[in-house]
Amino acid sequence: MNDQRSAVEPAAAAVAVPEAVTAVDGAPEAPTGGAHGPGSGLPTGRGAALVPVALVVGGVVSVQFGSAVAALLMPRAGAFGVVTLRLLVAAVVLLAVCRPKVRGYTRADWGTVVAFGVAMGAMNNLFYQALDRIPLGIAVTLEVLGPLALSVIASRRLINFLWAGLALVGVGLLGGAGGFGRLDLLGAGLAVAAGVMWALYIVFSSRTGRRFPKADGLALAMAVAAVLSLPLGIAESGTKLAVPTTVLLGAAVALLSSVLPYTLEMMALRRLPASTFAVMMSLEPAIASLAGFLILDQALSTTDALAIALVIGASVGAVRGQGRGGSARKRKRREA
């Protein structure tokens, strides 16, 4: 975990689940022998190839169904209250597991991890405010535009601007004949703003991963985000945050949306290329739509489903193009 790498080399996995990006920064390459080699007791061959895929899918499902549970909790604790509970529980768990050191870092190191925490807190609060106003699948679709834009800008390849245009067509379809007003204009704007924070999250996650070992930076940033969100949660919900059932549901959201997916994805990234991981993360809007339908009874129109499919296709295309470009650059460096 001390083998630090740039985040998703550098933005090939820009659509990755936020909590997993730091894992990419610190995840070592999968060894060919030893714990993962023949005789290790772990699956080999086709079974071994399916294991990291199953882990990633499990992480995505956990995140989106956690968001659906959060939507059910909002009438009790409010959007800010749910975010506060989620971040507090996740911070406590990560701090207890990672036990990060707080000495030996420079002012620039702390500035980076604080910026990381601010981006994380803003991303979560903006997204949950959007989730309180628009369907889960559409909220995730609009949010993923931020990382998609980051991937396009980082690649500087013409084909990726075509993918961005395809995503914009999808966004236009979401507006439909009735415009975005039918979705709640404020909710749509909040989801897009959450996407901007998601892109900033990726940038500062990369920098934090290079400055802090293992998942220490993530644990510290989660604590920063929790502290910053606490006043908002108290102001909105007050003593409701101390109700036992609310605390338990908040803990469930934290485990489903932060702790469990981070753990699953960290395990997967040790054996899965970052570009493949990113392509799978592009399916988040579809999983979110399924979670919204099964738990929140949020059915999508045919037009909305087509729009989500276009954004997913654009994300997959941009990520795959970035991965091919990175491979070509590596070949040229080897030849040189």
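The values are calculated or read from the model by the stated rules, or taken from the named source; none is laboratory data. Here the structure is a predicted model, which means the values were calculated and not measured. Here the Cβ positions follow ideal geometry from the backbone for every residue, glycine too, while neighbour counts run over all protein chains shown. Quick note on the areas: whole protein, heavy atoms, side chains included, nothing else; ligands and nucleic acids left out. Shrake-Rupley method; radii C 1.70, N 1.55, O 1.52, S 1.80 Å.
To the nearest 20 Debye, how big is the dipole of the stretch 63-201 about its Cα centre, given +1 on the beta carbon of each Lys and Arg and -1 on that of each Asp and Glu?
Computed charge dipole of the stretch 63-201: roughly 400 debye.
Once a ≥ b ≥ c are taken as the square roots of the eigenvalues of the Cα gyration tensor of the stretch 112-166, is the result rounded (a/c under 1.5), prolate (a/b larger than b/c) or oblate (a/b not larger than b/c)?
It comes out oblate by the Cα gyration axes.
Over the stretch 60-172, with every protein chain in place, what whole percent of the accessible area is carbon and sulfur at 1.4 Å, could you tell me?
Accessible surface attributable to carbon and sulfur in the stretch 60-172 totals 68 percent.
At 1.4 Å probe size, with no ligands or nucleic acids counted, give the accessible surface of Met267 in Å², nearest ten.
We get 90 Å² for Met267.
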